[in-house]
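Undergrad: One structure, pasted below without further comment.
Just so you know, all these numbers are worked out from the coordinates, no wet-lab data involved. Just so it is clear, the structure is predicted and the values come from calculations on it, not from any experiment. We place every Cβ from the backbone using ideal geometry, glycine too, and count neighbours over all the protein chains shown.
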Amino acid sequence: MPLNPPAEDRPPTAHRVIAVSGPAYVGKDTQLRMLARRAPQIEIAAHAETYAPRWPALSGTEATGWWLDGASYQELADVLAAAYLARARQPRAGGGLRCVRQGLPMLEATLAAVAAVRERCGTARAARAACAALAPYRTALRASEETEYGVVLLHDESPALGAALGLARSPAPDCLVEYFQRRLHEQLNRLLDEGRFDTAVVVGDRPVIDVQHELRQRLHRMYPAVPECALSRVQVAALGGDCEHARDTAGEYLRTRRGYARLNAAHLAAAASHTRAVPDTDDATAQAERIADGLDRYCAAHPFLDRVSIEPVRDRATVEALRKLFGDRLRAVRPGPGAGKDTAPETAAQDAARSPAQDTLHDDAAPWPRLSLQRHLDRLAFDAAWTFRPLKPVSVHSLGLPSCLGTYLRDLRDRLTRPRTTVDLLAVTGSAARGTYRHGWSDLDVLVLAPQDALPRLRRVRTELAPVLDGVRMTMTVLTEDEFRAGALPPRLLHVLTLSGAGALAPLWCAPGLALPVPDAVTYADVSVRDGVQAAVTLRKQLLLDEPDLRVLYKATALLAKIMIRMESGAEYPADDQAVTAFHHRRPDALGAGPGDVRHDRAGTERMAAAVLRGWLATLAPAPRPEVTGHGAT
């Protein structure tokens, strides 16, 4: 049976019992608790053993002994069948939906696994033994199973890998339990293939929220009363620490500069639903689940949110519980007091008491604590929002550059990587990387990723190779990896990174495993607007000169045209002449049939610059002029 059955294969909506089954340590209880908090109108039934009076007497003090050798096989089948049927006969409160832990197919799977352990038999024979033991209850069990919508949570699609994952999460499994769990996984996959479960959710190593999202998606299609999960794409920053000023500084920076919604953890926990199906305790797990439930409700009401900060979250256990729920989408931040106003540094004892489980991003010993905190928060935000693209080096020959530049780049690469490596990345950007290089007009733009202490060698190599350039102007931009990850880059480099996501960056050499970040759309749009503002200012500076620099004027015009087209339609025109032509086709603005190549034509360049600048200024709403009244008014 496929893990996602098509709509026509799903059971009818008349099924009013949602049965969540699965092996041990797959997260059934956690998923049901979170579902019960979010949808308290759904009744969560007690465990099946609650309805079997003989269960405690048989189980004794050994957790697994009676299952495997302490009771007769038929006696075990009688107790289990009676318990499952007694639970199924319980009336539903108000006739609404009910959720149960371990559906009716789980009864057969458990008995078959016990038979496989006791008799050391295969999957098919153990299944026949379980069916024979349950034969007296076949009619009642079949009728009860028909009322269920069966969901099975699996560690893995492979029974062997699933059993291994489950056992890895078990606190202290013995040989008998290990063998039982392997046989149980085999029986669950057999029942899934036979169509006894309606759908399967593979848990794997995913965080709890991701599994809850998939579970609710599947249930929501069948039962609209089950709300969808709003947290599957939300990035969460949990702000801790004992200094309120430092937390406030971090929270406000994330809110105002990085677009995070700033929320109070206590308010979120208080907004969570309280239901009898979930005991209201004060332990860290319950607190984290209440925070997640309140956050789910908030994000459902504000579906545009994709990043939030919650504060204060000081307790280490709560942070760890939240990390299990959100996985890598949670970043715990504990800013030191040095980042706040008028606060003294932490003592050595306080510093030593910091939780190692938290991402302590702020160093109190830093000479610039506030700036250090902001850069670390940038890194946190961009690590969550940006994707990373692995790089594949290209040959110098593939760039199609003049021979003098090809020789220069090969020598530069060899000297910076042999006999020892000085840089982490050596790449060509700009027109030389795009195949639009024009000798005599274009520059050679080189990007280098290297630590600060590599600057002396870079300067020496650059000086030695300068004659090879044959008069071509070469611009070398040197950045560290930390600057890349924190987004501490000029707009041009952010544009280069965005284009690198489409393979428009030409690395001549890179360190093994190096991946460059690709900015998210929001950051890219913000940087583009600021770049456009600067380009408009540059245009007017040049137009005021008696002898403007045609190269600067042309490039600023093309840049502003690129940005306007990008913001309007999302189209990218990396080459300057392409952008100018596209702008003209969109808004001719008295430029005639076309702007043509005006790189060396002052009058044409100035006309083109004025047209692009008029288009930019036309997008700005005119400021209202105040009415002049009183003496002197006309």
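Undergrad: Could you work out the local net charge near residue 548, counting Lys and Arg as +1, Asp and Glu as -1, over the other residues with Cβ closer than 9 Å to its Cβ?
TA: It works out to a net charge of -2.
Undergrad: Identify all lysines with a Cα-Cα distance to residue 28 below 28 Å; exclude those on the same chain that are fewer than 8 residues away in sequence.
TA: Result set, ordered by chain and number: 324.
Undergrad: Also: Residue 541: which lysines have alpha carbons under 25 Å from its alpha carbon, excluding same-chain residues fewer than 8 sequence positions away?
TA: Within the straight-line cut-off, residue 541 pairs with 555, 562.
Undergrad: What is the stretch 379-438 by shape, rounded, prolate or oblate, if you read a ≥ b ≥ c off the alpha carbon gyration tensor as root eigenvalues and call it rounded for a/c under 1.5, prolate for a/b larger than b/c, and oblate otherwise?
TA: oblate
Undergrad: Would you pull out the residues with amide H under 5 Å of residue 240's amide H, same chain only if 5 or more places away, H placed 1.01 Å from N?
TA: Distant-sequence amide H within range of residue 240: 313, 333, 334.
Undergrad: Within a Cβ distance under 10 Å of residue 300, other residues only, what is the Lys/Arg minus Asp/Glu net charge?
TA: Around residue 300, the surrounding residues sum to 0.
Undergrad: Counting other beta carbons within 10 Å of each Cβ, put 508, 107 in order, fewest first.
TA: Going from least to most buried by this count: 508, 107.
Undergrad: Related question: How much length, in nm to one decimal, is gained on full extension between residue 529 and residue 30, taken as 0.36 nm per residue of separation minus their Cα-Cα distance?
TA: Separation in residues times 0.36 nm, less the Cα-Cα distance, equals 175.1 nm.
Undergrad: For a label point 7 angstrom out from the Cα of residue 135 toward its Cβ, which stretches of the stretch 80-109 have the backbone nitrogen within less than 20 Å?
TA: 80-82, 107-109
Undergrad: If you rank 481, 148, 194, 547 by fewest surrounding Cβ atoms within 10 Å, what's the result?
TA: 547, 194, 481, 148
Undergrad: If you stretched the chain out fully between residue 371 and residue 267, how much longer would it get, using 0.36 nm times the residue separation minus the C-alpha to C-alpha distance?
TA: So the chain would gain 34.5 nm between residue 371 and residue 267.
Undergrad: Follow-up. Classify the stretch 523-618 as rounded, prolate or oblate, taking a ≥ b ≥ c as the square roots of the eigenvalues of its Cα gyration tensor: rounded when a/c is under 1.5, otherwise prolate if a/b is larger than b/c and oblate if not.
TA: Because a/c hits 1.5 or more and a/b fails to exceed b/c, the stretch 523-618 counts as oblate.
Undergrad: Using C-alpha positions alone, give me the convex hull volume of the stretch 389-518 per residue in cubic angstrom.
TA: Output value, Cα hull per residue: 102 Å³.
Undergrad: Under a 5 Å amide H to amide H cut-off, with H placed in plane at 1.01 Å, what residues pair with residue 235 once short-range neighbours are removed?
TA: 307, 308
Undergrad: Also, I was wondering about something else. Most exposed first by the Cβ proxy, i.e. fewest other Cβ within 10 Å, how do 202, 448, 26 rank?
TA: Arranged by neighbour count, lowest to highest, 202, 448, 26 become 202, 448, 26.
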